[in-house]
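In what follows, a structure is listed as structure tokens, so that the remarks can point back to it.
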Amino acid sequence: MALLPAAVALARHVGRPFTPVGDSALFDLRVHDVWPPGPLTPLTGAYSRMGWSHPGPLLYWLEAALAALGGRSPTATLVAQVVLEVLAVAWTARLAWVTGGLRRVLPWVAVQAVVAAALGPERLLVVWNPDVATPFFVLLLLQAWVVAGGAPRRLTGLTVVAVLLVDAHVGYVVPVAAVWTWAVVGLVRSERRAGNRVLRATTWIPPAVVVGLLVVVPAALDALRRPPGNLVALVDAALGRGASGHEAVLGLHGGLALLAVELRWRPPWLGGPDAAQPFTGAPVGASPAWLLIGAVILGAVWWTGRRAGRADLVRLAGLLATASAAGAVTLAAVRGTPFEYLFYWRVALGAGVGI
């Protein structure tokens with residue numbers, strides 16, 4: 001059922017012409033620049049109107065590999081993106097099944113389904129980096145929960161998904177970094193409780209290789225190609241020195257208000273209203289007091305886990321609390337108009353806490 005929208009999108013587009021426009025057209029062009037390797041091969045992510053690019057090229061590379069199977073046409077690029085989203089949902093279901101059976105599969109796949117429904121079917125009809133990233137964020141949360149429980153061999157997969165999300169959109173940097181760090185700290189604690197004071201080198205080497213090949217090497221090559229490099233531009237933007245430095249920061253109250261929208265008694269991911277500014281289309285926040293609902297839910301999960309000796313529930317409450325706090329920090333730092341695509345991950349956080 002969770003894959004049904006993607007199946008319909010695939011059936012609709014396979015073998016039919018697709019003409020991308022706007023950001024989708026630019027994205028499609030860059031996908032076609034990946035192969036054969038040359039001076040145009042992307043070493044950064046999608047370009048931003050603010051004068052910098054998103055952190056890395058992994059999304060381009062993956063879609064180029066899949067699109068090559070379909071003739072490197074715009075339709076093939078669209079199908080490649082849908083396939084990646086299918087992979088995220090299928091990976092979520094598989095990991096939930098092997099680590100907890102049906103009772104773990106149902107809630108996690110439900111989160112994937114309601115997030116997809118909340119974002120709307122039109123995301124499967126365009127080629128755009130914010131759209132493809134969202135289901136992978138749900139997968140990241142599940143992976144982090146599993147890794148923190150004492151599954152060191154899952155750390156490499158967690159790292160790959162983390163790099164993909166950060167590469168796809170800069171808005172994921174803080175939440176992903178917080179979730180990944182929480183998972184690693186939880187893993188170290190779990191191993192120590194099991195009597196393993198030092199994790200084996202085989203645990204750390206594969207993730208380090210992933211980061212080296214997918215993060216360090218492209219960033220270094222980009223700096224050589226276009227000094228001082230995109231990473232410097234991203235740091236300048238974060239410090240308010242870029243093209244957006246003159247724009248106002250949303251602030252903590254505004255960030256909490258946007259996060260609170262997903263935790264109202266009837267949030268948008270359950271069909272509730274989702275007000276937007278009439279001219280910009282930017283979402284309208286809700287009273288931060290609604291966040292108390294999330295706090296009560298997570299507190300109840302934590303307390304139940306402690307009373308019942310369910311360490312998995314205690315970890316789940318800690319994971320979602322950490323991700324939500326990182327999300328609030330990210331939203332508070334948004335400059336200019338807070339367009340919804342900048343933080344699609346807040347839908348996943350709301351659904352994760354609610355479900």
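With all protein chains in place and a 1.4 Å probe, the accessible surface of the chain carries 68 percent carbon and sulfur. Comparing mean-square fluctuations of THR304, THR156, THR77 from a GNM of the chain with C-alpha springs under 10 Å, the top value falls on THR304. Rounded to whole Å, the principal axis extents of the Cα atoms in segment 282-355 read 46, 19, 18, largest first. The chymotrypsin sites (Phe, Trp or Tyr not before Pro) of segment 211-298 that meet both conditions, a loop assignment by DSSP and at most 11 other Cβ atoms within 10 Å of the site Cβ, are TRP265, PHE279. What does the charge dipole of segment 179-278 about its Cα centre add up to, to the nearest 20 debye, if the Cβ of each Lys and Arg holds +1 and the Cβ of each Asp and Glu holds -1? Charge dipole of segment 179-278: 540 debye, to the nearest 20.
The 1.4 Å probe gives accessible areas that order TRP108, TRP345, largest first, as TRP108, TRP345. For the chain, the relative contact order is 19 percent, taking Cα pairs closer than 8 Å that sit 6 or more residues apart in sequence and dividing their mean separation by the residue count.
The charge dipole of segment 140-225, taken about the Cα centre with unit charges on the Cβ atoms of Lys, Arg (+1) and Asp, Glu (-1), comes to about 440 debye, rounded to the nearest 20.
The residues ARG104, ARG266, ARG307, ARG154, sorted by heavy-atom accessible surface at 1.4 Å with ligands and nucleic acids left out, run ARG307, ARG266, ARG154, ARG104 from largest to smallest. May I ask for the Kirkwood hydrodynamic radius of the chain, worked out over all distinct Cα pairs and given in angstroms to one decimal? After inverting the mean inverse Cα-Cα distance, the result is 21.1 Å. Note on segment 154-194 and segment 38-81: Cα centroid distance 24 Å, given to the nearest whole angstrom. With the charge dipole of segment 226-355 set up from +1 on Lys and Arg Cβ and -1 on Asp and Glu Cβ about the Cα centre, the Cα lying farthest toward the positive end among the listed residues VAL235, LEU320, ALA300 is that of ALA300.
Rank LEU213, LEU270, LEU142 by mean-square fluctuation in a GNM of the chain with C-alpha springs under 10 angstrom and give only the top-ranked residue. In the Gaussian network model the winner is LEU213. About its Cα centre, segment 101-260 has a charge dipole of approximately 840 debye under the convention of +1 per Lys or Arg Cβ and -1 per Asp or Glu Cβ, with nothing else charged. In a DSSP loop and with at most 14 other Cβ atoms within 10 Å, the trypsin sites (Lys or Arg not before Pro) in segment 10-62 are ARG49. When you filter the chymotrypsin sites (Phe, Trp or Tyr not before Pro) in segment 121-195 for DSSP loop state and at most 10 other Cβ atoms inside 10 Å of their Cβ, nothing is left. The candidates VAL232, VAL179, arranged from most to least accessible area with a 1.4 Å probe in the full protein assembly, appear as VAL232, VAL179.
The values are calculated or read from the model by the stated rules, or taken from the named source; none is laboratory data. Values in this document were obtained by computation on a predicted structure and should not be read as measured data. In this analysis, Cβ positions are derived from the backbone assuming ideal geometry, glycine residues included, and neighbour counts consider all displayed protein chains. We work out accessible area using only protein heavy atoms, side chains counted, and drop any ligands, DNA or RNA first. Shrake-Rupley method; radii C 1.70, N 1.55, O 1.52, S 1.80 Å.
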